[in-house]
Every structure is written in C-alpha cells, then in structure tokens.
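This is the structure, below, for whatever I ask next.
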Amino acid sequence: MSTDVRNSVTGAATPADAPTVATSPAELSPRRPAATPLSDDSRLAVDIRGLVERGELDEARRQFEGLVVAHQRRALRIAFQYLRDAAEADEAVQDAFVKVFSHIGSYREAWPFEVWFTRILINGCLDRRKARVRRDRWIVQSDDTTNASASLSDRRSFAAAANAPSGQLDPEARLLARERRARMTAAIERLEGRQRTVFMLCHYGDCTPREVGAMIGLNESTVRVHLFRAARKLRALLGGQP
Amino acid sequence: MIVRAPHLQDDVLYDCYYASRRGDAVDPPSAEHLADCQACATRYAELGTFLNTLSEDADAEVAALFPADRLRAQQQDIARRLELIGRAARVISFPGRAAGHGTSSTQVVRTPVRVARWIAVAAAAGLFVGVAAGTLFNGSARLDATRDARRPGAVASRRVNTPAPARLASSNVEEAVVDMDEMFMSDLETVLDRPHTSELVAFDALTPHVRDARDFPR
C-alpha cells in the first residue's frame, strides 16, 4: 500500500514501494480559496500556536486537550484501518498528537487543521506499516494457523476482531460479524495503494475529496476517480455484499 | 415526444452518496433523477447499504476496541507526553560521579563504598611498598656478601680482626685456620656463583666454568 503523504513536519524518506506524492504547505496554500472561513479546530490550532510562541505552554497544553478530544476517535478509526492492530493504532495516534503539538509553529491556516493533522497521522501509520513489513520478514510463521496463506496483518486483524467485545450480539452473530470484518479487511488490503488511501480517508476519515486531494497532492477529480474505483473494486471483491 | 434522461453512472451515484453522507447538497439534476428513476434509486439504495455497512462495521469494531475508558487513558498519556515537551532532558549522572554530587541520603548510602575503596588503595600501596623494600633489602644484602667474598683483602682483614685467642695459638694452627677460612670462603664463592634455582643446577654442572680453569693446575 501506500501513497506517501509526507510534508515538512514528518519529512522522512520516501518509501521505495510507493509513489511519492510529497506536498508541502507552501504548495498547498494557493489551492485553497482565501475566502473560506476557518473552522473551529483551525482557529483553536492558531490560538495554540500563538500561545506556544509566547511561551505559555501550560495554557497551550490545556487548550490542546480540546483538539485531542475532538479528533481522537476519528484518528483511531483511520489508524486502526491502516494498521489493524489496536495497540499500534493507539501509539500512532498518540505520536501524531504529540508531533502536532511540538510542530504547531509550522501550522498554517491555509488548510484546515483536520487536513494537516490527518497527513501527519497517515505518515506515521505508513511508517509503522513499513516497519512491520521489515519486522515480519524475520518472523517465522507457524504452520498451525487456520489460514496459512494469510499475511501476519490479516491474522492480527482477525485476532483483534475476535477479541473485540461485540456488545449484545449472540455468538452466531458475533462469528458472522467477525468473518465479515476479516473479509472486508482482506478486500481493502487488495486495493491499490492510492485507491486504498483515498478510500480510507473518504470513507473512514470522513474527508471530502478536496481535502484528500490536499493531503495526498492530487486533483479533486482524480481523488473522485480513485474513490469510485476503490469502492467498485471492493464491491466486486465482496460480491456486492459486505 | 418526451426524452427520458439516461441512467446515472456509478461514479455519480458514489458522488451522491458521499455528498449526502457529509451533509452536503446532492447535485440537483442527480437528485431529481433519483427521485424519478426507480432503477437508479434501487442501485443507489444498494450502494448506500453496502457502504453504510462497511462504515458501521468499522465503527463498531473501533468502538469495541477503544471504549471510553481507553480513550480517557489515551488522553492522559498524550497529556503526560506533552508535559515533557519543552523541558530539558534529564541527565542521569554516572554512578561514580554521583557519589560526590548526590543528596545527603545518597552520601550516607555510599560512605561504606568510599571507605572500602580507601582500604583497597591502602592495601595495594602497602603491598607495593613491601615488595619494593623486600627486593631492595635482599638485593643489597646479596651484593654485599658477594663483594666481600671477592675482595682480596677480605681474608687478611678478617685475620687482622681475629680475636686474641687465635693470635696466641701456634703458627701451624694459625695456618690451618687460615686454610680453613680460605676453603670456607672459596666454597661460599662457589655457592654464590652457582645458580640458585634447583632445576638449573644439573645444567650448571655440565657447563664449564672459568673457576674450573683457574683452579686447574697448569
């Protein structure tokens, strides 16, 4: 997978297996209409940036908690869909928030805070996926797994889904839901890198095609095409039924 | 004749779905068509069901994995990590130095260590001084003995220092004593010239010496 959405904040090396779509805030700023009003989160981020620049770190931290609460669940949803591992998703989200706070000085209100934060989060998730691939090369897979051909991440997701409490569902319904999630995960894993990123961001991240275009440096109409193809492929893979 | 609009393409249906999901306005011609065309409305409904199920499953999974208490714990973890930003890194001093810079309790704990260290240093110094003095003493004593034995006037001086009863003895007795002294000194010289290591004595016996050539009658 992987469309790299690096920016000046995370600025790490480009993965060898991914098309580079590096975009900097300077590149992004002209695209956004100046008349678009700032969202509440973006205004809050600007306030925090001012506090940090004035050295009022305690107040900045206090206000930053509001951003954390507002974006935490969405960030976890995105990170978990990328990583399929609850502990890793937890760490990735923490890292993203810490990185955002420590680099808040480089935030520019040309784009919504949500876009900036999501880019940082996705870059962190991509780094973790790459690290996991490197790590998995050294792990000998045992033969007694139920699905020997499944990748380690598939088995991880299956285990995560199996361990997840499913509320009031009866065992049969839980089993069916678990199988459905496993099929969905496998189908999403089969998407092409950019399609997958676009689908993740639009479907699980609740981002508009414009925002996704800003994040990964694509035209809005190109994002729409990727989204459409991804959804169509998923429907085909899942036989029209999720 | 009324020309019916063609059916909506799939990509338009997806656009309509995501627009309505975000709460944005759906493209008016598409919305109008969906209202009029039963086939497209059915396709749209199927698509919506499929994508909604994907989202609901994902939401349910994440909600189950990250309940409210875990979210609170994560917020606390983030707050804790943010507290560390902007603070100087804590440097943990090396244990050896820490004894000098530590608090009073630390000094109390480390006092026996310091005493033990001084004791070890004193013991090492004493051992060194003892070895050096012993070497020096033995070496000088042996050197004096060798020098005395080899000095030509040593026997004469001894004879001069001989106690009074010896001088009162007859000349034969006196010569015999002198011979005995010379033999003794000769033996002493031989012993001192020989190796002191027992393992080398055998080799020494096989080796010709200068003293043998000197003692051999010409």
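The values are calculated or read from the model by the stated rules, or taken from the named source; none is laboratory data. All of these numbers come straight from a predicted model, not from anything done at the bench. We place every Cβ from the backbone using ideal geometry, glycine too, and count neighbours over all the protein chains shown.
Restricting to the range B:12-57, count the residues that are under 14 Å from A:F228 (Cα atoms) and surrounded by 16 or more Cβ atoms within 10 Å (Cβ to Cβ). Outline the logic, then answer.
Keep residues of the range B:12-57 that are under 14 Å from A:F228 (Cα atoms), which gives B:12-19, B:44, B:47-48, B:50-51.
The next check asks that each one be surrounded by 16 or more Cβ atoms within 10 Å (Cβ to Cβ); those that pass are B:12-19, B:44, B:47, B:50-51.
Residues in the range B:12-57 being under 14 Å from A:F228 (Cα atoms) and surrounded by 16 or more Cβ atoms within 10 Å (Cβ to Cβ): 12 in total.
For the condition within 14 Å of another protein chain (Cβ to nearest Cβ), in a helix (DSSP H, G or I) and surrounded by fewer than 20 Cβ atoms within 10 Å (Cβ to Cβ), what is the one hit in A:K99, A:K130?
Details: A:K130 fails: within 14 Å of another protein chain (Cβ to nearest Cβ).
So the residue among A:K99, A:K130 that is within 14 Å of another protein chain (Cβ to nearest Cβ), in a helix (DSSP H, G or I) and surrounded by fewer than 20 Cβ atoms within 10 Å (Cβ to Cβ) is A:K99.
Here is a further query. Considering only residues that are outside any helix (DSSP H, G or I) and not acidic (D, E), which ones fall in the range B:11-59?
If the condition is that a residue be outside any helix (DSSP H, G or I) and not acidic (D, E), then B:G23, B:A25, B:V26, B:C37 are the ones that fit.
Closer than 29 Å to A:R196 by Cβ, of a type in the set (D, E, K, R) and in contact (Cβ under 8 Å) with a residue 40 or more places away in the chain - does that describe any residue in the range A:89-107?
Yes, the range A:89-107 has at least one match.
Within the bounds of the range A:154-166, is there any residue that is assigned to a helix (DSSP H, G or I), of a type in the set (S, T, N, Q), at pLDDT below 60 and surrounded by 12 or more Cβ atoms within 10 Å (Cβ to Cβ)? Even if it seems obvious, please write down each step before you answer.
To start, the set of residues in the range A:154-166 that are assigned to a helix (DSSP H, G or I) comprises A:154-163.
Checking the rest, the ones that are also of a type in the set (S, T, N, Q) come to A:157, A:163.
Imposing the further condition that a residue be at pLDDT below 60 reduces the set to A:157, A:163.
Then keep just the ones that are surrounded by 12 or more Cβ atoms within 10 Å (Cβ to Cβ); that gives A:157.
Checking the range A:154-166: at least one residue is assigned to a helix (DSSP H, G or I), of a type in the set (S, T, N, Q), at pLDDT below 60 and surrounded by 12 or more Cβ atoms within 10 Å (Cβ to Cβ).
A further question on this structure: Does A:G239 fit the bill of being more than 8 Å from chain B (Cβ to nearest Cβ) and assigned to a helix (DSSP H, G or I)?
Details: more than 8 Å from chain B (Cβ to nearest Cβ): yes; assigned to a helix (DSSP H, G or I): no.
Criteria not met by A:G239.
Considering only the range A:49-71, I want to know if a residue exists there that is surrounded by 15 or more Cβ atoms within 10 Å (Cβ to Cβ), closer than 29 Å to A:G193 by Cβ and touching a Gly at 6+ places or on another chain (Cβ under 9 Å).
Taking every residue of the range A:49-71 in turn, none turns out to be surrounded by 15 or more Cβ atoms within 10 Å (Cβ to Cβ), closer than 29 Å to A:G193 by Cβ and touching a Gly at 6+ places or on another chain (Cβ under 9 Å).
Sticking with this one: Going through A:R54, A:R62 one at a time, which residue ends up being without any contact (Cβ under 8 Å) to a residue 24 or more places away in the chain, more than 10 Å from every other protein chain (Cβ to nearest Cβ) and not aromatic (F, W, Y)? So that I can check it myself, show each step before the final result.
Working: A:R62 fails: more than 10 Å from every other protein chain (Cβ to nearest Cβ).
After ruling out the rest, the residue left standing is A:R54.
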